[in-house]
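Peer 1: Structure provided below as structure tokens; questions to follow.
The values are calculated or read from the model by the stated rules, or taken from the named source; none is laboratory data. Here the structure is a predicted model, which means the values were calculated and not measured. Cβ placement follows ideal geometry from the backbone for every residue including glycine, while neighbour counts extend to all protein chains displayed.
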Amino acid sequence: QQQVKQSPQSLIVQKGGISIINCAYENTAFDYFPWYQQFPGKGPALLIAIRPDVSEKKEGRFTISFNKSAKQFSLHIMDSQPGDSATYFCAASITGNQFYFGTGTSLTVIP
Amino acid sequence: GAGVSQSPSNKVTEKGKDVELRCDPISGHTALYWYRQSLGQGLEFLIYFQGNSAPDKSGLPSDRFSAERTGGSVSTLTIQRTQQEDSAVYLCASSPFGTKETQYFGPGTRLLVL
């Protein structure tokens, strides 16, 4: 059973546009929600993360929106650039030892 | 400073052979994780180490898979009697204080079982 459901599977956005990737979870014990960015041939790298005590976190062009009641969180990439083209993974974890990852979103930003 | 390193970067093996994949975490990181990433799929958790002990082995897909960590540092993932469905990228990550901290990923080992 997929603990974290991610959508869409792929996304094409024009340069300068907004990219939005969504994730949903069921386990209310999750208390840490990171987003990872992965370029081809590389391991994932942490992009931005949020804890459930806040509803939004912004770092540069990247924003996480968190809706605790709906058990959903999303990544917004403002002013998307071709260099943002990568695969993005959401994840969730609880105190303990395991991270659960979404299935990934392949983002292509068209110049 | 050095990041997480993994070796080999690529491995081609024949079905039925055993393989060993190595992970060198960032120095001082106490937590170490192994994941499997199949083509077009997300990251599948395999096992987690805190120090040399593995409190969570629940992700290992079969008894052909095993892992150990020695000296609180290097870890080895062993796959015995490899099968074609074992073909994937095996990623290792480490973090300094446990699961709420950033996981730093290595570049992965690409395993192909013929």
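Peer 1: Filter the range B:59-97 for residues that are within 20 Å of B:THR30 (Cβ to Cβ) and free of Cβ contacts under 8 Å to residues at least 40 places away in the same chain and give the result. Quick ask: steps written out before the conclusion?
Peer 2: Pass one, the range B:59-97, residues within 20 Å of B:THR30 (Cβ to Cβ): B:59, B:67-77, B:91-97.
Within the range B:59-97, B:GLY59, B:ALA67, B:GLU68, B:ARG69, B:THR70, B:GLY71 meet the criteria.
Peer 1: Still on this structure, I have one more. Please verify whether A:ILE64 is surrounded by 14 or more Cβ atoms within 10 Å (Cβ to Cβ), more than 10 Å from chain B (Cβ to nearest Cβ), in contact with a Ser or Thr (Cβ under 8 Å, 6 or more places away or on another chain) and within 24 Å of B:SER95 (Cα to Cα), treating the condition exactly as stated.
Peer 2: Numbers: surrounded by 14 or more Cβ atoms within 10 Å (Cβ to Cβ): yes; more than 10 Å from chain B (Cβ to nearest Cβ): yes; in contact with a Ser or Thr (Cβ under 8 Å, 6 or more places away or on another chain): yes; within 24 Å of B:SER95 (Cα to Cα): yes.
Here the answer is yes, as A:ILE64 does meet what is asked.
Peer 1: Hey, another quick one. Taking B:PRO96, is it away from chain A (no Cβ under 11 Å), in contact with a His (Cβ under 8 Å, 6 or more places away or on another chain) and of a type outside the set (S, T, N, Q)? Spell out the reasoning first.
Peer 2: On the way: away from chain A (no Cβ under 11 Å): yes; in contact with a His (Cβ under 8 Å, 6 or more places away or on another chain): yes; of a type outside the set (S, T, N, Q): yes.
It is true that B:PRO96 is away from chain A (no Cβ under 11 Å), in contact with a His (Cβ under 8 Å, 6 or more places away or on another chain) and of a type outside the set (S, T, N, Q).
Peer 1: For the range A:1-56, which positions are surrounded by fewer than 13 Cβ atoms within 10 Å (Cβ to Cβ) and closer than 18 Å to B:TYR35 by Cα?
Peer 2: Selection gives A:GLN1, A:PHE39, A:PRO40, A:GLY41.
Yes or no, residue by residue, for (1) free of Cβ contacts under 8 Å to residues at least 60 places away in the same chain; (2) touching a Lys or Arg at 6+ places or on another chain (Cβ under 7 Å):
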position: A:VAL4; (1), (2): no, no
position: A:VAL13; (1), (2): no, no
position: A:ILE21; (1), (2): no, no
position: A:PHE30; (1), (2): no, no
position: A:ALA49; (1), (2): yes, no
position: A:ILE64; (1), (2): yes, yes
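Peer 1: Which count do you get for residues in the range B:86-114 that are modelled with pLDDT under 90 and polar (S, T, N, Q)?
Peer 2: Here is the first cut: in the range B:86-114, the residues modelled with pLDDT under 90 are B:95-103.
From the residues that got through so far, the ones that are polar (S, T, N, Q) too are B:95, B:99, B:102-103.
Number satisfying all stated conditions: 4.
Peer 1: Still on this model: For A:ASP53, all conditions in the list (1) facing another protein chain (nearest Cβ under 9 Å); (2) without any contact (Cβ under 8 Å) to a residue 12 or more places away in the chain; (3) farther than 21 Å from B:LEU91 by Cβ hold save one; what is the number of the exception?
Peer 2: Condition (1) is where A:ASP53 drops out.
Peer 1: Looking at the range A:7-23 only, could you name the residues that are under 13 Å from the mean Cα position of the chain (by Cα) and outside any strand (DSSP E or B)?
Peer 2: A:PRO8, A:GLN9
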